[in-house]
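Structure, as structure tokens:
The values are calculated or read from the model by the stated rules, or taken from the named source; none is laboratory data. Nothing here was measured: the structure is a model prediction, and the numbers come from that model. Cβ coordinates were reconstructed from backbone atoms using ideal geometry, including for glycine residues, and neighbour counts include every protein chain displayed. These area figures cover heavy atoms from the full protein model, side chains too; ligands, DNA and RNA do not enter into them. Shrake-Rupley method; radii C 1.70, N 1.55, O 1.52, S 1.80 Å.
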Amino acid sequence: MEKIKKNDSVAVIAGKDRGKKGKVLRVDKESSRAIVEGVNLIKRHQKRTKQDSPGGIIQKEAPVHLSNLMLFCGRCSRPSRISFIVLNDGSKARVCRKCKEVI
């Protein structure tokens, strides 16, 4: 079970965007990286491919390593480490280590 999944709210704890929060758009398990909305923005020079699509300098998100992200707990309203517990029905759930809230 993964600690960080798509649509989770995370906080960046290291790097040039440290302190920023955002929503996870995509997770790549093989390279242990995630694309977070509004974090690690890069500029790409893009050529116009069709009549509709504009060319020019486009800003987009680049992947961030999962070790630089921390799950944001809604109840604590701050980033926290998570642990896993086994529920009564036998399924695993992610839990905030500070407030014991199931995420």
A correct Karplus calculation of ³J(HN,Hα) over segment 94-100, with 6.51 cos²θ - 1.76 cosθ + 1.60, θ = phi - 60°, whole Hz and x for Gly and Pro, returns 8, 10, 5, 6, 7, 10, 6
Approximate spin-label separation Ser83-Lys50, in nm, with each point projected 7 Å along Cα-to-Cβ | 5.2
Once you measure Cβ to Cβ distances between cysteines in the chain, which Cys have no partner under 4.7 Å?
-> Cys99
Please report, to two decimal places, log10 I(q)/I(0) for the chain at q = 0.17 Å⁻¹ as given by the Debye formula with identical point scatterers on the Cα atoms and no solvent.
-> -0.80
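From the protein chains alone at 1.4 Å, what is the descending order of accessible area for Phe72, Phe84, largest first? Let's see the in-between values first.
Values: Phe72 45, Phe84 70 Å².
The residues order as Phe84, Phe72, largest area first.
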Would you grab the residues whose amide H sits under 5 Å from the one on Leu69? Only those 5+ places off in sequence or on another chain, please, with H modelled 1.01 Å from N.
-> Ile13
Taking a probe of 1.4 Å, how large is the accessible area per residue of the chain, in Å²?
-> 71
Residues with amide H under 5 Å from that of Val64, placed H, sequence gap 5 or more | Ala34, Ile35, Val36
In this structure, the FRET efficiency calculated for Arg26 and Lys92 from their beta-carbon separation, with R0 = 22 Å, to the nearest 0.05, is 0.45
Label Lys100 and Ser9 with points 7 Å out from Cα along Cα→Cβ: what is the distance between them in nm?
-> 2.3
